[in-house]
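The values are calculated or read from the model by the stated rules, or taken from the named source; none is laboratory data. Treat the numbers as computed from the prediction; the structure is a model and nothing was measured. Reconstructed Cβ throughout: ideal geometry from the backbone, glycine too, with neighbour counts over all protein chains shown. Keep in mind that these areas ignore ligands, DNA and RNA; they rest on the heavy atoms of the full protein, side chains included. Shrake-Rupley method; radii C 1.70, N 1.55, O 1.52, S 1.80 Å.
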Amino acid sequence: MIKSSLVIVAGVVVAASSTAAAALTVPSPYYGSDTLFNVTTGAIAGAGLTPTTAYVAGGSGTGQSAMASRAAASATQQTAPMSKMLTSGACQFGLASGAAGTDTTNATGIVVGMDAVDVLSSTASGAAASCNGAGGGLAFSNSSVFGASGNQTAPAQNWKYVLALVYGGKDLTTGVVDCAQTARKNLVNNWSALFQNSCSNGTTVCGNAQHIAAGDGTHTPLWHAFRRDEASGTSDVFSSLLSLSPSTSQTANNGFGTSPFCNALNWDSQTANANCKFTASTDGLNHDQWTGPGGVVDPLSQYNIASGALVGPGNGNHRRPPPGAWGDYPDPNATTNGADVLPTDLQDNDPIRRPCIGGSTGSHSRAAEEVCNIDSAGSNNHGNLGLVLPVAASDFLPKSLGLQQYPTAAPGNFIAGPAVNVFTCPIRNTAVHNGECATRAPAVCARCPRPQAREEPLKSSRATPRSPASWSATERPPPPLRSRRGPTRMLTSHSPTGAVTTRRCAMGTT
């Protein structure tokens, strides 16, 4: 075996693992950073490598997964353009057993250029001149806007304090990690608190009565903080800059992943919970599986996360989805766990909830936000979404199929579809069970009601949409994504007005 030759691309972190070399060719499909798609495609063509259409992106984490393998024959790539450094998951080549990261002699990372992380908001609100003029911008020094019980009044405060609290629920002054803590609520329930000069949101629609009531009852709140998913190197770089943990991973725990962001519940993988010990076999309950930072404390938890000690029902501190959110009422026919929890980059478990806009959830004939959770948001039952939301990459959908990545056609009538698969014990194996139906009706023969999909062809393409059954091997999603299916939460028809309003009242990273 030899170490791979590296294609050097400006602005790319190229990571190499040890597999067999191939001259003047690149693997097809070739996985790596989404944001570096154009640069990498151009570099492949400019270097005279073939095939020139091999690069399909998929995320830095997906690129690392394609390189990382205990056996050389199982690794499909030698290199991957990445916008983050290699993690311990890459350090397992030739390792017969043991944890990844214990053998670091067969992987190399070369930093060619630094990648930037942008925090964005609409020009009508956060990017307005009043928020970004002299003395403006994200709150960065000696601010007391988080309230008397909030912290972060130290002169050393900087922009990291705001973003760490918003995205990871971490108070960098006290070290407390709690997405439901008062300091975080005070910050995100007042848009002006996000900015150094306490500017107001210039878009009046963001301060509608429904959202003010869901906040502190007085101020215009931040509706959502969007982020890249766990496969993106941006997520890893972003969380590292903010001193959040655990590190982002889409492949850890057999594909359940790990995440430091407030939308996510992580699986308790401590030694005391080996083979999911905290289950009915030991404590008579199934309520001691998940740690934060997302979710709420499970009222039936009886294990302490730090000590692994049994402290009695209602006295533990393991967590579960917010009340009424998807997964809080597991399928009564599948009682393996006390809740249903999706992989980390598909979760909506931020304890701070925001009401969706538009008609009621569950009706395909009423205009509303397309994706909404099933926890109630008042008498109209609009549904809620958490403050922090992951944007799961869907660019693995092959362009050759001629389908729109984000179709806008209203769904049709409800039909029966397969129930979502939920991991039973991902720290042990890949076994799954049926998850909660998005309509909260019990699954019937492992099937749930879901809107009939209406696929749309690309407006610039004449290609005829093809069934996934006809996809070739190179057209299929990469392995880390192939088995990842979320519940059907797209229960309402498309509303362009609603989508624009949400973007005005939110922030996001890229």
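Within the range 39-51, can one find any residue that is modelled with pLDDT under 75, assigned to a helix (DSSP H, G or I) and surrounded by fewer than 22 Cβ atoms within 10 Å (Cβ to Cβ)?
Within the range 39-51, none of the residues are modelled with pLDDT under 75, assigned to a helix (DSSP H, G or I) and surrounded by fewer than 22 Cβ atoms within 10 Å (Cβ to Cβ).
Restrict the check to the range 390-409 and report whether at least one residue is touching an Asp or Glu at 6+ places or on another chain (Cβ under 9 Å) and at pLDDT 85 or above. Within the range 390-409, one or more residues are touching an Asp or Glu at 6+ places or on another chain (Cβ under 9 Å) and at pLDDT 85 or above. For the range 283-306, taking the residues that are within 23 Å of ARG440 (Cβ to Cβ) and touching a Pro at 6+ places or on another chain (Cβ under 6 Å), the one that is least open to solvent (accessible area, probe 1.4 Å) is identified as GLY295.
The lone criterion from (1) surrounded by fewer than 16 Cβ atoms within 10 Å (Cβ to Cβ); (2) at pLDDT 75 or above left unmet by ARG184 is number (1). Filtering the range 434-449 to residues that are free of Cβ contacts under 8 Å to residues at least 40 places away in the same chain and more than 20 Å from SER376 (Cβ to Cβ) leaves VAL444, CYS445, ALA446, ARG447. Screening the candidates GLY126, GLY98, GLY175, GLY150 for the property of being at pLDDT below 80, surrounded by fewer than 18 Cβ atoms within 10 Å (Cβ to Cβ) and small (Gly, Ala, Ser) yields one hit, GLY98.
Looking only at residues of the range 296-334 that are outside any loop (DSSP other than H, G, I, E, B) and at pLDDT 85 or above, we find that the one that is farthest from ALA438 (Cα to Cα) is TYR303. Checked against (1) surrounded by fewer than 23 Cβ atoms within 10 Å (Cβ to Cβ); (2) touching a Leu at 6+ places or on another chain (Cβ under 9 Å), ALA309 passes all but condition (2). Residues in the range 52-76 that are part of a loop (DSSP other than H, G, I, E, B) and either surrounded by fewer than 24 Cβ atoms within 10 Å (Cβ to Cβ) or modelled with pLDDT of 85 or more (or both): THR52, THR53, ALA54, SER69, ARG70, ALA71, ALA75, THR76. Against the definition (over 24 Å from PRO390 (Cα atoms), modelled with pLDDT of 90 or more, out of contact with any Asp or Glu (no Cβ under 9 Å at 6 or more places or on another chain) and of a type outside the set (A, V, I, L, M, F, W, C)), how does GLY202 come out, yes or no? Considered against the rule, which asks whether it is over 24 Å from PRO390 (Cα atoms), modelled with pLDDT of 90 or more, out of contact with any Asp or Glu (no Cβ under 9 Å at 6 or more places or on another chain) and of a type outside the set (A, V, I, L, M, F, W, C), GLY202 comes out as no.
Scanning the range 102-123 for residues that are under 24 Å from the mean Cα position of the chain (by Cα) and modelled with pLDDT under 70 gives MET114, ASP115, ALA116. Tallying residues that are assigned to a loop (DSSP other than H, G, I, E, B), over 23 Å from the mean Cα position of the chain (by Cα) and under 26 Å from PRO321 (Cα atoms) within the range 176-219 yields 4. Restricting attention to the range 131-147, the residues being surrounded by 13 or more Cβ atoms within 10 Å (Cβ to Cβ) and either at pLDDT 70 or above or of a type in the set (Lys, Arg) (or both) number 7.
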